[in-house]
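There's a structure below that I have some questions on.
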Amino acid sequence: MELIFLIAAFIAGFIALRCHLPPLVGFLIAGFSLKFAGYESTPLLNTLADLGVTLLLFSIGLKLDVKSLLNKDIWGGATLHNIISTLFFAGSIWLLKLLGINMLQDLALEQLLLLGFALSFSSTVFAIKVLQEKGELNATYGDLAIGILVMQDLFAVLFLTISTGKIPELTAFALFALPLARPLFHRLLDQSGHGEMLVLLGVCFALVFGAGLFDYVGMKADLGALIMGMLLAGHRKSSELSKALFNMKELFLVCFFLNIGLAESPSIEAFIFALLLLLLLPIKGLLYFSIFRACKYRLRTATLGSLTLFNFSEFGLIVGGLAYKMGWLPGELLAAIALAVSFSFILAAPLNNAGDILYNLGRHRIKEHQADTLNPADQLIDLGEAKVLILGMGRIGTGAYDELKEQFNNQILGIDNREDTVDHHQRHHRNVINGDANDPDFWERVITKKQVELILLAMPHSHANAHALEHIKSRNYQGRIAAIAQYNEDVEELLALGVDAAFNVYREAGSGFARHVCQQLTQRQ
């Protein structure tokens, strides 16, 4: 039977992917179709679904930057939106109940609030997919959206933890000693290599030291997985571990979404209710937009951030799924939530693709904040008196900076997307700022007092230099551009894209790159 589930999930997920939708929409539809055909979930499918949720929470913990969550715009905005959105959806469903929708008639106030809570979340999976496809994962609005989503995930985990009503054992107090074992955990990571042992260690951390240990002392297992991930966050291999577990986690989550569809066949009334929930979705988006604007973010940041979060969430399904297991929600309502999640993705995908178009339509109708009142995270980037920009301050960029600083009377600005690199250069009295030259939002925020005469693309990967070049050209830059490349064919590609000079300088220091640039550009004048 599991083979039939696997085939159905693949076919439906593949069709969804070809329609530019998240595959999880296809998995939900596959589950509904299998239920309609008379199939039921199996113990193996249930076990794999639970493993998927546990690994998801462990992965969230690995990426959790506690410092970023201390930003009042993140925790305050997420909390405010969650409360208002929960009350709005609960109140709206109550009104629909008064209008006579049969499936809502037996719902008590607690169940209405639970439904509102599940619908208040936005999708982490959808947001990351959209941001990655647009290449704006590190944009200001991307950081803002992901911070909001992490806070929402924490709210959901808190609910999952207290909802079981489990009374912790006295031995649970020993869990407070877990941070003392952090150096041991980090040493295990250091010595685990980069292959299958790293994956196996990650699974052990999530399922044994995290979920298993917490379950043993009477705590919620999923909370243990999240906390174990948080203890490993910040380690130099935490990102590698997250990537190593990614495919396994995604595979197990397929089982979770299949299980949701197999829980209950959606009725016509559930289908209509899902469409009504979709009509309420714009209010959720407007609430995000209002909160971002109140926090003094630029219009573009508020618009694109709101569109990124303009959906219902798979975490809402996780909350709803637990409520269904606990007998708090009928299966028909769980099916309706699953349909609403799918419909929201279908609606949000084209809106996000048209995000810049919608921003350009609104920028003339909505007044922008004054530059001096903007949120510090969204301030305009003043290039000042710089005549030369060096994008990428690694070995090559640093050598070029030092070579050119006298020739251009120190009117040089280095730009790098790594904060530790920026801090290092600033300590050595180089004029370097933090920024991602591959991010369109970076160029939207740039202002300059003088015409920049020369831009050096010194990022380590040729494709990154090519992407930055596209953004520079789109702003009608009239100065000169030089770039480095890894291979001779990359040099030819960069020249074809319009750079004035391109060099394969990986055998030479940055000073050699700078000299070649000056010589070649001088010859062309």
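When you scan the stretch 190-197, do you find a residue that is in contact with a Ser or Thr (Cβ under 7 Å, 6 or more places away or on another chain) and at pLDDT 85 or above, even just one? Quick ask: steps written out before the conclusion?
Looking only at the stretch 190-197, we keep the residues that are in contact with a Ser or Thr (Cβ under 7 Å, 6 or more places away or on another chain), and these are none.
Within the stretch 190-197 (the criterion being in contact with a Ser or Thr (Cβ under 7 Å, 6 or more places away or on another chain) and at pLDDT 85 or above), the answer is no, since none of the residues qualifies.
Could you give me the residue pairs with C-beta distances under 6 Å whose first residue belongs to the stretch 480-497 and is more than 17 Å from LEU454 (Cβ to Cβ) and without any contact (Cβ under 8 Å) to a residue 40 or more places away in the chain, whose second residue is open to solvent by 10 Å² or more (accessible area, probe 1.4 Å) and outside any helix (DSSP H, G or I) wherever it lies, and which are 6+ apart or on separate chains?
Partner pairs satisfying both residue conditions: ALA485/ALA502; ALA485/ASN504; ASN488/ASN504; VAL491/ALA502; VAL491/ASN504.
State all residues of the stretch 6-40 that are among the charged types (D, E, K, R) and over 24 Å from the mean Cα position of the chain (by Cα); if no residue qualifies, say none.
Filtering the stretch 6-40 down to residues among the charged types (D, E, K, R) leaves 18, 35, 40.
LYS35, GLU40, listed by residue number.
Of everything in the stretch 186-215 that's open to solvent by 60 Å² or more (accessible area, probe 1.4 Å), without any contact (Cβ under 8 Å) to a residue 12 or more places away in the chain and of a type outside the set (A, V, I, L, M, F, W, C), which residue is nearest to PHE58 (Cα to Cα)?
Pass one, the stretch 186-215, residues open to solvent by 60 Å² or more (accessible area, probe 1.4 Å): 187-188, 190-191, 194, 196-197, 200, 208-209, 213, 215.
Narrowing the set further to residues that are without any contact (Cβ under 8 Å) to a residue 12 or more places away in the chain leaves 187, 191, 196-197, 200, 208, 215.
Those left that are additionally of a type outside the set (A, V, I, L, M, F, W, C): 187, 191, 196, 215.
Working: ARG187: 19, GLN191: 20, GLU196: 18, ASP215: 15 Å.
Once the filter is applied, the top-ranked residue is ASP215.
Select, from GLY305, GLY316, the only residue that is open to solvent by less than 40 Å² (accessible area, probe 1.4 Å) and within 30 Å of TRP443 (Cβ to Cβ). Give the steps one after another, and end with the answer.
Details: GLY316 fails: within 30 Å of TRP443 (Cβ to Cβ).
Within the list GLY305, GLY316, the selection yields GLY305.
A further question on this structure: When the residues of the stretch 286-302 are filtered to those that are open to solvent by less than 20 Å² (accessible area, probe 1.4 Å) and of a type outside the set (A, V, I, L, M), which remaining residue is nearest to ALA377 (Cα to Cα)?
TYR297
Additional query: Can you tell me which residues in the stretch 276-285 are under 13 Å from LEU351 (Cβ atoms) and either hydrophobic (A, V, I, L, M, F, W, C) or loosely packed, with under 15 Cβ neighbours inside 10 Å (or both)?
LEU278, LEU281, PRO282, listed by residue number.
When the residues of the stretch 95-110 are narrowed to those that are open to solvent by 80 Å² or more (accessible area, probe 1.4 Å) and part of a loop (DSSP other than H, G, I, E, B), which ends up nearest to SER242 (Cα to Cα)? Steps first, answer last, please.
Residues of the stretch 95-110 that are open to solvent by 80 Å² or more (accessible area, probe 1.4 Å), as a first pass: 95, 98-99, 102, 106, 109-110.
Okay, now just the ones that are also part of a loop (DSSP other than H, G, I, E, B), so 99, 106.
Working: LEU99: 47, ASP106: 43 Å.
Result: ASP106.
Of all the helices (runs of 4 or more DSSP H) wholly in the stretch 172-226, which have at least 3 residues that are among the polar types (S, T, N, Q) and more than 27 Å from the chain's Cα centre (by Cα)?
Numbers: elements: 182-190, 196-204, 213-216.
Ranges flagged: none.
Taking only pairs six or more apart or across chains, which ones have beta-carbon atoms under 8 Å, a first residue in the stretch 365-389 that is among the polar types (S, T, N, Q), and a second residue that is modelled with pLDDT under 80?
GLN379/ALA371; GLN379/ARG445
Go through the stretch 299-337 and report how many residues are under 20 Å from VAL130 (Cα atoms), at pLDDT 80 or above and not β-branched (Val, Ile, Thr).
12
Residues to consider are ALA466, ALA496; find the one that is in a helix (DSSP H, G or I), crowded, with 19+ Cβ neighbours inside 10 Å and either at pLDDT 75 or above or not basic (Lys, Arg) (or both). Walk me through how you get there before you give the answer.
Values: ALA496 fails: crowded, with 19+ Cβ neighbours inside 10 Å.
Sole residue among the options that is in a helix (DSSP H, G or I), crowded, with 19+ Cβ neighbours inside 10 Å and either at pLDDT 75 or above or not basic (Lys, Arg) (or both): ALA466.
Scan (1) open to solvent by 90 Å² or more (accessible area, probe 1.4 Å); (2) in a helix (DSSP H, G or I); (3) more than 23 Å from LEU457 (Cα to Cα) for the single condition ASP420 breaks and write down its number.
(3)
Residues to consider are ALA78, ALA9; find the one that is open to solvent by less than 60 Å² (accessible area, probe 1.4 Å) and either modelled with pLDDT of 90 or more or not in a helix (DSSP H, G or I) (or both). Show your work before the answer.
Values: ALA9 fails: either modelled with pLDDT of 90 or more or not in a helix (DSSP H, G or I) (or both).
After applying the criteria, what remains is ALA78.
Return the only residue of SER344, SER239, SER267 being polar (S, T, N, Q) and under 23 Å from LEU80 (Cβ atoms). Can you show your working first?
Values: SER239 fails: under 23 Å from LEU80 (Cβ atoms); SER267 fails: under 23 Å from LEU80 (Cβ atoms).
Criteria check complete, one pass: SER344.
Could you please give the count of residues in the stretch 319-344 that are touching a Ser or Thr at 6+ places or on another chain (Cβ under 9 Å), within 23 Å of LEU56 (Cα to Cα) and crowded, with 22+ Cβ neighbours inside 10 Å?
Of the residues in the stretch 319-344, 5 are touching a Ser or Thr at 6+ places or on another chain (Cβ under 9 Å), within 23 Å of LEU56 (Cα to Cα) and crowded, with 22+ Cβ neighbours inside 10 Å.
Mind checking which residues of the stretch 388-417 are surrounded by fewer than 20 Cβ atoms within 10 Å (Cβ to Cβ) and either under 24 Å from the mean Cα position of the chain (by Cα) or in a strand (DSSP E or B) (or both)?
The answer is ASN417, and nothing else.
From SER85, SER122, SER92, grab the single residue that is under 20 Å from TYR288 (Cβ atoms) and assigned to a loop (DSSP other than H, G, I, E, B). Outline the logic, then answer.
Numbers: SER85 fails: assigned to a loop (DSSP other than H, G, I, E, B); SER92 fails: assigned to a loop (DSSP other than H, G, I, E, B).
Residue meeting the stated conditions: SER122.
Mind counting the residues in the stretch 152-175 that are open to solvent by 20 Å² or more (accessible area, probe 1.4 Å) and modelled with pLDDT of 80 or more?
Here is the first cut: in the stretch 152-175, the ones open to solvent by 20 Å² or more (accessible area, probe 1.4 Å) are 154-155, 158-159, 161-162, 164-171, 173-175.
With the extra rule that they be modelled with pLDDT of 80 or more, the set shrinks to 155.
Total satisfying the criteria: 1.
The values are calculated or read from the model by the stated rules, or taken from the named source; none is laboratory data. All of these numbers come straight from a predicted model, not from anything done at the bench. So basically every Cβ, Gly included, is an ideal-geometry build from the backbone, and we count neighbours across all protein chains shown. Side chains are part of the model used for accessible areas, which takes the heavy atoms of the whole protein and leaves out ligands, DNA and RNA. Shrake-Rupley method; radii C 1.70, N 1.55, O 1.52, S 1.80 Å.
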